[in-house]
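Student: Below: one structure in C-alpha cells.
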Amino acid sequence: MNNLFQEPQSNTLLENSALCRKLHLNLQRNQKQDHTQLLDEAAAAFRYEDCQDEYWNPEEFSLLYGTALWDESTASQRVVLNQLYWVAYYSQIISAEIATIYFNQTSAAGLYAQEDFRTVCDMLDLESAQERAHISAFKTIADQVEAKLFGERLFSYPMRSPFTETMIYADTNALKRWWKQLQLQAFGLLSAGNTFLACQYFTVRGLRTLNGKLVQHKLSRYYQTHLDPDHAPIPAKISYYHFMDESFHFNSSTLLSHEVVNCLNPPTRFESTVANLGILGCQKDHYHFSAAINGIFWFDPAIYSTIYRLLRSPIFGLDVESAKAMLQRCFSQESAGLHRSYQTHQEAMESYKAYLTPISYAWSRNREMALMAKNSIDTYLNIQRRSLRRVLPSLEEDIINQRPVEKKSVLESGTLP
C-alpha cells in the first residue's frame, strides 16, 4: 500500500537554474511595480460625491446589464447599477483574497522542504501584503458607497474568516457551509506539511485567477483608455492597480503549479486524490453563472433578496408587487445579459481546460471541466423559475425579519457595521 505522503527526497529545485531565474525575476518585477502605495493613497482620497455621477467600469459591466431592469432604467439609475457592479464584484474578490492570504502562508510552510524556498516564500509574502492592501481599498469604497446610497449593506459585509464559503452567493445551507469549513481547515493542515499539496494549491489559485483575468483586464482598460486619467474615478484607478498586481500573482501560480511541482516526486495516490478534489471543488464553485453580474459565478436564487432590497430602495422605488414582477423578468426570462454571462462562463471553462493541459495527475472529468460543462441557459432558467415560485410569496416578510440595523443610525454615522 502506498504511503500517504512521499518519503524525504533530494532537492531538485536548486538544480533547475532556469526555473530559479524565473522565480527571482517574477519576484523582482512584482517588487518593482508594486501598487500598494498607489492603492492606499487612492482609497484614502476616495469621496463618493466626487464621482457619483459617472461610470466606473465599461457600460456592459453593470449590475443586471442587459436585463429588463437595465432596459427600463433611467440614465442616473444606470450609473448606480454600473457602480454597484464594482461594489458587488470587488466584495466577492475580498472573500477570495482573504482565503488567498491564509493559503499563501500554509503553502509557504509546505515549501520549506525545498532548499531554495526563500524566493518562493518572499514572493508569497509580498503577494499577501498586496492582498491586504486590495481588501482595504475595496472595503473602503464599498462601505462608503452603500452607506451613502442605502444606509445598510447590500453586497458588502464585515470582515470574514478564510474558512467561510468563498462564494458570497452560493447554493448552500448550514450543513454545506460546515462541511466546506471542515474541508478548508483540513487542506490548510495538509498543505502546510506537504510540498506537493503546497504547489497544487496554486493550480486551484491559478484557475480561479484565470476567471478574474477575463473580467479584470476589461475593467482595467476603462482607466487605461480614459480621456483624462488624472481625473478618472478612483474606483477605476483601483481596478487598474489591482489588475497589475494580480498579473504577477497569476505568474506565480503558473510557475508553482506547472514547473516547481515537476521538481518533486510524482504524487502518491492520496496526494493526487486531494489535488483533484480541490480542482473539482473549483468546478463546483464555478458551475453557476449569474444574470445579475457577468463574471462572478453566483447562484442567483441566493441573491434574490439583495436585488429585491435594491428594487425597493429609493434608487428604484418599486412597490412590493412591482419589485417581485421585476425579479421574475430579470431572472426567469432570457436576456442579453444572461447570454453575456453564459458566454463568460464558457470562456472561463475553456481557459481552465488549457491551464490544466500540462497537469499530468488531473482526472479526466477535471481536465474536461465535465461538471461546469453540464450547465446551460435552459438549466439556469429552470432553476430560477422553480426558485422564484418558492421564494417570492414570503420575500417581503423575510426581508423585514432579516434587516439587521436601523437605517437612520447608519445614515447618521456614515459607516456600516
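Student: Do you know which residues across region 139-196 are more than 28 Å from A109 (Cβ to Cβ), over 18 Å from the mean Cα position of the chain (by Cα) and among the hydrophobic types (A, V, I, L, M, F, W, C)?
Tutor: V145, A147, L149, F150, A174, L175
Student: Please count how many residues of region 29-88 are surrounded by 14 or more Cβ atoms within 10 Å (Cβ to Cβ), within 24 Å of the chain's Cα centre (by Cα) and touching a residue at least 60 places away in the same chain (Cβ under 8 Å).
Tutor: 30
Student: Related question: Determine, yes or no, whether V120 is surrounded by 22 or more Cβ atoms within 10 Å (Cβ to Cβ) and out of contact with any helix residue (DSSP H, G or I) (no Cβ under 6 Å at 6 or more places or on another chain). If you could, list the steps in order and put the result at the bottom.
Tutor: Details: surrounded by 22 or more Cβ atoms within 10 Å (Cβ to Cβ): yes; out of contact with any helix residue (DSSP H, G or I) (no Cβ under 6 Å at 6 or more places or on another chain): yes.
Yes.
Student: To continue, here is another question. Looking only at region 356-389, which residues are free of Cβ contacts under 8 Å to residues at least 24 places away in the same chain and of a type in the set (V, I, T)?
Tutor: Hits for region 356-389 are T357, T379.
Student: Pairs, please: C-beta under 9 Å, at least 6 apart or cross-chain, first residue in a helix (DSSP H, G or I) and in region 166-189, second modelled with pLDDT under 95 and of a type in the set (D, E, K, R)?
Tutor: K176/E165; R177/E165; K180/E165; Q181/E165
Student: Separate question: I'm told E271 meets every condition in (1) farther than 21 Å from T119 by Cβ; (2) crowded, with 24+ Cβ neighbours inside 10 Å; (3) under 22 Å from the mean Cα position of the chain (by Cα) except one. Can you identify the failing condition by its number?
Tutor: Here E271 clears every test but (3).
Student: So, of the residues in region 231-247 that are in a helix (DSSP H, G or I) and among the aliphatic types (A, V, I, L, M), which turns out to be nearest to K139 (Cα to Cα)?
Tutor: It comes out as I238.
Student: Right, something else. Count, please, the residues in region 190-200 that happen to be in a loop (DSSP other than H, G, I, E, B) and surrounded by fewer than 19 Cβ atoms within 10 Å (Cβ to Cβ).
Tutor: Residues in region 190-200 being in a loop (DSSP other than H, G, I, E, B) and surrounded by fewer than 19 Cβ atoms within 10 Å (Cβ to Cβ): 1 in total.
Student: Continuing with this model, one more query. Among R386, R365, R329, which is the only one that is at pLDDT 95 or above, surrounded by fewer than 16 Cβ atoms within 10 Å (Cβ to Cβ), under 24 Å from K213 (Cα atoms) and more than 20 Å from the chain's Cα centre (by Cα)?
Tutor: None of the other options fit; the residue is R365.
Student: Of all residues being of a type in the set (S, T, Y) and surrounded by fewer than 16 Cβ atoms within 10 Å (Cβ to Cβ) in region 352-362, which is nearest to G206 (Cα to Cα)? Just the residue, please.
Tutor: Among residues in region 352-362 that are of a type in the set (S, T, Y) and surrounded by fewer than 16 Cβ atoms within 10 Å (Cβ to Cβ), the one nearest to G206 (Cα to Cα) is T357.
Student: Got a number for residues in region 207-230 being without any contact (Cβ under 8 Å) to a residue 12 or more places away in the chain and in a helix (DSSP H, G or I)?
Tutor: 2
Student: Here is a check on your reading of the model: is E334 free of Cβ contacts under 8 Å to residues at least 60 places away in the same chain, over 22 Å from the mean Cα position of the chain (by Cα) and either within 18 Å of T67 (Cα to Cα) or not in a loop (DSSP other than H, G, I, E, B) (or both)? Even if it seems obvious, please write down each step before you answer.
Tutor: Numbers: free of Cβ contacts under 8 Å to residues at least 60 places away in the same chain: yes; over 22 Å from the mean Cα position of the chain (by Cα): yes; either within 18 Å of T67 (Cα to Cα) or not in a loop (DSSP other than H, G, I, E, B) (or both): yes.
For E334, the condition - free of Cβ contacts under 8 Å to residues at least 60 places away in the same chain, over 22 Å from the mean Cα position of the chain (by Cα) and either within 18 Å of T67 (Cα to Cα) or not in a loop (DSSP other than H, G, I, E, B) (or both) - is met.
The values are calculated or read from the model by the stated rules, or taken from the named source; none is laboratory data. Every value quoted in this text rests on a predicted model; they were computed, and no experiment measured them. Neighbour counts are summed over all protein chains in view; Cβ atoms, including those assigned to glycine, are modelled from backbone coordinates with ideal geometry.
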